[in-house]
1. I need the full set of residues from region A:293-309 which are in contact with a helix residue (DSSP H, G or I) (Cβ under 7 Å, 6 or more places away or on another chain) and either under 30 Å from residue B:270 (Cα atoms) or surrounded by fewer than 22 Cβ atoms within 10 Å (Cβ to Cβ) (or both), in order please.
2. Quick check: anything in region A:415-438 within 14 Å of another protein chain (Cβ to nearest Cβ) and over 19 Å from the mean Cα position of the chain (by Cα)?
3. When region B:314-327 is examined, which residues are found to be under 29 Å from the mean Cα position of the chain (by Cα) and either crowded, with 23+ Cβ neighbours inside 10 Å or at the interface with another protein chain (Cβ under 7 Å from one of its Cβ atoms) (or both)?
4. Any residue at all in region B:380-389 that's touching a residue at least 40 places away in the same chain (Cβ under 8 Å), within 21 Å of the chain's Cα centre (by Cα) and in the same structural domain as residue B:117 (by TED's automatic domain parsing)?
5. Can you pull out every residue in region A:387-401 that is away from every other protein chain (no Cβ under 14 Å), touching a strand residue (DSSP E or B) at 6+ places or on another chain (Cβ under 6 Å) and surrounded by fewer than 23 Cβ atoms within 10 Å (Cβ to Cβ)?
6. Give me the pairs: first residue in region A:23-45 and under 14 Å from residue A:66 (Cβ atoms), second residue modelled with pLDDT of 95 or more and surrounded by fewer than 18 Cβ atoms within 10 Å (Cβ to Cβ), beta-carbon distance under 6 Å, and six or more apart or on different chains, which are they?
7. Please go through region A:214-246 and pick out each residue that is more than 11 Å from every other protein chain (Cβ to nearest Cβ) and out of contact with any helix residue (DSSP H, G or I) (no Cβ under 9 Å at 6 or more places or on another chain).
8. Is it true that some residue in region B:158-175 is within 14 Å of chain A (Cβ to nearest Cβ), touching a helix residue (DSSP H, G or I) at 6+ places or on another chain (Cβ under 6 Å) and either touching a residue at least 40 places away in the same chain (Cβ under 8 Å) or outside any strand (DSSP E or B) (or both)?
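The values are calculated or read from the model by the stated rules, or taken from the named source; none is laboratory data. Just so we're clear, the structure is a prediction, and the values are computed from it rather than from any experiment. All Cβ positions, even for glycine, are placed from backbone atoms using ideal geometry, and neighbour counts span all protein chains on display.
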């Protein structure tokens, strides 16, 4: 482990410089939902990779550019690393303690939009590469980076990109964009992601808003139409009412239940962290809560808007109303099938006036816990975190991992600097520097072991 | 009619000056829903009345001040004139062709927020008073003005004000704040107003918005709670489901149906003016549409807000959601009874997490079409409009007329410069100058006939 002592020393002494580099990246806004700063951020990421001797391609898509980078190494084996440089919208701005695009270091944490999701992982991986190059003058294996700019808007153009560039992206294994420890500081190995189907539903019942005193009893009301249409999707029992929706759902296996049972309790943590007062379907905690969290498909209203929303009262009958809705999907559901089922259902329920705009989606995907690469990543975590990673067969979030699992046919593992308080997607998103450093160390171990295997 | 020829000449030659005075009043914003400019506007209105020799009292309430003004006249009889100086919010600003608080004269119409509702009626009544004073040096009857500043927010404090000032407000008859012609240019006599109960429903399910990937299947979602609670109030059949809601409803009498049958068709006009594609409950037009419009109580969603409402997608599970809802009430419903029924209903349906904020209300009220004062107003319209007014037993809008009808025990009539294209409550609110002048002339006739009766 002599080589590691040297490398660890390098990482420890280069942390500040790496955080400065991360801060520059975070200061460049890159909000895909608002089409804000994406090419500029892609250029910045490409420059950072180029500085490490990677061959760079900034590849255009019908949306944000994709940064592809590759550098060969000692072994024939190739590692594909997937990240994204785009971030969630910073709103609501007034809930941030420091401005979202002015990274701020407080109490061992860096605050800013994107520090955790996903710019921190990018730059800590570059720190690991710096250390490997400093020690050996070369990489232990071939490394390819694919860093996209639309992950936070459902990676709309990544499917075509991966399909058209399968040769370029060919590899033996893949490290996913995120990962981290849970509330016990145990590193977690997330092996499945739910899919997603994100839509905007909208209704227009007139060309102008009207006076509620005139139209209240005789004019159609866009807000009511929307409420009734939404209610037809899911009742207060939580059951999704779209015919066929649950048909492809594969229930968790006894082995999945075993893995889920080994995980720690989350009920109290959820209640405390989010201020959630109770859980749905009478769940109170335990393995059933954890299984429901990740193995069930969902239908979530993410936003509602119609008519007058200011202070006080305005007696208006709205001409327009819309809702943002996301469906989280589990194997073997598919977003395009859900989209078809949704249209048919709304039509059958009398809501052919409700328009559906597809804002993006991706199918679910899982990696086999018995894959040797999974074992490698789990075991190399031990010297860094003083314990092995714990396997989680499925998580609640989504990402385009099916492209890597099903199209590129790679085992996909997670590793990263995340922790439960990172507030990804919320105000005061933050990154713990100690975990940032640990992730860089873990990456060094993974790449060395992978190159030597 | 010699006196009238002289007066008509005065009115014709003083129209421009009066419109200038109205423009000054419109240029003073007075948005009660946004608590914007109310005392300033009250002062301006008081100055205008003081200039006509009225004794003025600017009377405080727990909300906007009330302007009370009185001047005695030749006869013992007293006319009470009710108006309001507040206006609707000007939003959405980008749909105005000229700024809402910069009155603009185009094609014989004055454009601006409040020109029609209700500043135009105020100043045209002052023009009528100017003409009477110029001719006779005195008023034909005692005149009292009550001009409030919260009509557009359900006149929350007017009930207490009228109750506490019944002696001050004592009169023999009352002229309401609005009135006008329909699309045939026939002056209309509106003798009933629906009541209103305006509430904001809100739900909070967590202390922060959460990631929809984490909570989608296990956390309560404020937007869903709101949708389900709203759906429990009214189904897509349009029937309001709050137990007891319809119990006090008095159906229109055969005589009401007669009056309603005499009114012109409105179906095509509604479709063209508002771009409404169809009417509710299978209605297509005729007397049934007109009766449904005004004799049925309503439950209207005026606004919805929750979660992410910006462009694109954001995968958030909202902690908060709210809706603005107005109920239009018919005799003998009462807003406070509706409020009680609503709370009980939501609790019984499992929605005790839905908070109700009462934003104001007033009961419905009707004046008897056989009242002699109604006859006077209808007949005096004929020389001005070249036809008598047409009686409408009930209209769809609301106002605090029950205070005048039931507490002060006055016959309440409508007269004014309104017309169907005035866009009250919408962008490009406007006032036709020809109707403004006719209303001033009608007011002269009413006050003279009333003083001589």
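1. Passing the criteria: A:304, A:306, A:307.
2. Looking through region A:415-438, none of the residues is within 14 Å of another protein chain (Cβ to nearest Cβ) and over 19 Å from the mean Cα position of the chain (by Cα).
3. Within region B:314-327, B:321, B:323, B:324, B:325, B:326, B:327 qualify.
4. Yes, that holds for at least one residue.
5. If the condition is that a residue be away from every other protein chain (no Cβ under 14 Å), touching a strand residue (DSSP E or B) at 6+ places or on another chain (Cβ under 6 Å) and surrounded by fewer than 23 Cβ atoms within 10 Å (Cβ to Cβ), then A:390, A:391 are the ones that fit.
6. Going by the 6 Å Cβ cut-off, the qualifying pairs are A:42/A:58.
7. Passing the criteria: A:239, A:246.
8. The answer is no; no qualifying residue exists.
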